[in-house]
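For reference, the structure is listed below as structure tokens.
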Amino acid sequence: MADTEKKAQQEATAEKKAKKASAKTDSKKSGGKGKKDAEKKQNIFARIAGWFKDLKKEFKKVVWPDRKKVFNNTLVVLCVVVIGSVVVGLLDSGFVHLMKFLIGLSK
């Protein structure tokens with residue numbers, strides 16, 4: 001129960017951050033010169049620095065799963081891999097027996 005409340009709170013926080021970020025970008029886009037003019041004035045190093053700043057902002061928006069969720073997802077993936085391997089192995093074995101049977105008929 002506490003996990004669902006915590007998750008809901010994290011989602012609400014993430015939505016608030018996203019709204020603030022979109023409001024800031026909207027205000028930047030509406031005022032001043034166009035984006036192309038600003039890029040032409042900046043040198044390559046300023047654009048690279050801006051890219052890293054934007055990257056850092058995006059990483060702050062990431063909501064990482066908790067340890068329990070990662071563990072559960074890992075178990076699910078491992079189970080699916082094991083079951084898939086067994087199915088492929090059985091199919092392979094069946095096809096080998098079928099080929100042996102068909103080759104035996106031709107003799």
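Values quoted throughout were computed directly from the atomic coordinates according to the rules given, and no laboratory measurement underlies them. As the structure is a computational prediction, the values presented were derived from the model and not from experiment. All Cβ positions, even for glycine, are placed from backbone atoms using ideal geometry, and neighbour counts span all protein chains on display.
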Practice task
Determine whether LYS60 is loosely packed, with under 10 Cβ neighbours inside 10 Å, of a type outside the set (Asp, Glu) and either more than 30 Å from ALA21 (Cβ to Cβ) or under 18 Å from the mean Cα position of the chain (by Cα) (or both).
Solution key: yes
Completion exercise
Filtering the range 88-107 down to residues that are surrounded by 10 or more Cβ atoms within 10 Å (Cβ to Cβ) and either touching a Cys at 6+ places or on another chain (Cβ under 7 Å) or β-branched (Val, Ile, Thr) (or both) yields VAL88, VAL96
